[in-house]
Amino acid sequence: MKYTFGHTTLAAERLRRIAEFFNPYSSRFILSGVNDKIISACDMGCGPGYSTEMLYEATKANSITGLDFSEDFICIAKEKYNDFIFQKQDVTKNLGVHKYDLIYSRFLLSHIPDISSAINTWKNSLTKNGKIFIDELEDINTEVPVFKKYLQISGSLVKSQDAELFVGKKMDSAIKSYNVENNYSEVIKVPDRQASAWFYPNAAGIWSESEVVNNIIGRSEILQIQKKLLELMDNESKESRITWKMKRIIIFNKITKP
């Protein structure tokens, strides 16, 4: 596994801002599918722990575990959230003997080449009545030129790692063999300033070190994109000209009757 957008302090701050916006939407999604008391829940690809905190607030599970392959993110999460369990783990590999009532994934599968295999690994770690909640990006729509250019480059960067930025488009075929309780999409309007604040750290950071990006655009164009994103960040307008389309799926374990 490789997280396309880095593991730096700047990357962690970017994830904090993203979580601050999306956590209320994700919490409602989780609550829509939780019918029983959750004893043990797991946040796959937990990053610095911001989605893990949301998962606890939504479920009030007795035990919350966050798994991520980034040692840097795990260290941040452990320092910030003492009541949760955080472990360094490749979430595409065998997760061990522990079983979870609820497994949650957000903005993770877009960094995994074989999503069907990952989901099957998670399913093997469910309790008898457990569920997997998948909360992934299906599309981003905008007519703002700098946003469109940013998304084009980011999509190419993710694809260079054999993954898919808009992985939600592939989910229906990936879950055909599973028991699906819910499967829908939600379109969320994002203020221009907010989107720019999420995009800018990547344009100002990892792009300069990426051979893929530098093969697509030159240094001067990268600087122009940075400049335009900063201008949108500083704009006091509340205009929203970009939308996130989120794919939301609940997979449930097959209950074996006695």
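Scan region 142-161 and tell me whether some residue there is in contact with a Pro (Cβ under 8 Å, 6 or more places away or on another chain) and under 30 Å from GLN194 (Cβ atoms).
Yes, region 142-161 contains at least one residue that is in contact with a Pro (Cβ under 8 Å, 6 or more places away or on another chain) and under 30 Å from GLN194 (Cβ atoms).
Here's a check for you: in region 86-100, which residue that is assigned to a strand (DSSP E or B) and within 19 Å of the chain's Cα centre (by Cα) is surrounded by the most Cβ atoms within 10 Å (Cβ to Cβ)?
Filtering first and then ranking leaves PHE86.
Would you check if there is a residue in region 77-84 being buried (at least 21 other Cβ atoms within 10 Å of the Cβ), touching a strand residue (DSSP E or B) at 6+ places or on another chain (Cβ under 8 Å) and more than 20 Å from LYS131 (Cβ to Cβ)?
So far as region 77-84 goes, yes, one or more of its residues are buried (at least 21 other Cβ atoms within 10 Å of the Cβ), touching a strand residue (DSSP E or B) at 6+ places or on another chain (Cβ under 8 Å) and more than 20 Å from LYS131 (Cβ to Cβ).
When you look at LEU151, is it buried (at least 17 other Cβ atoms within 10 Å of the Cβ), without any contact (Cβ under 8 Å) to a residue 24 or more places away in the chain and either under 24 Å from LEU31 (Cα atoms) or not basic (Lys, Arg) (or both), yes or no?
yes
Inspect region 149-171 for any residue being among the hydrophobic types (A, V, I, L, M, F, W, C), farther than 26 Å from ILE119 by Cα and not in a helix (DSSP H, G or I) and give the result as yes or no.
Checked against the condition, which is being among the hydrophobic types (A, V, I, L, M, F, W, C), farther than 26 Å from ILE119 by Cα and not in a helix (DSSP H, G or I), region 149-171 yields no hits at all.
Every number here is computed from the coordinates shown, using simple stated rules; none is lab data. Here the structure is a predicted model, which means the values were calculated and not measured. Cβ: placed from backbone, ideal geometry, glycine included. Neighbour counts: every protein chain shown.
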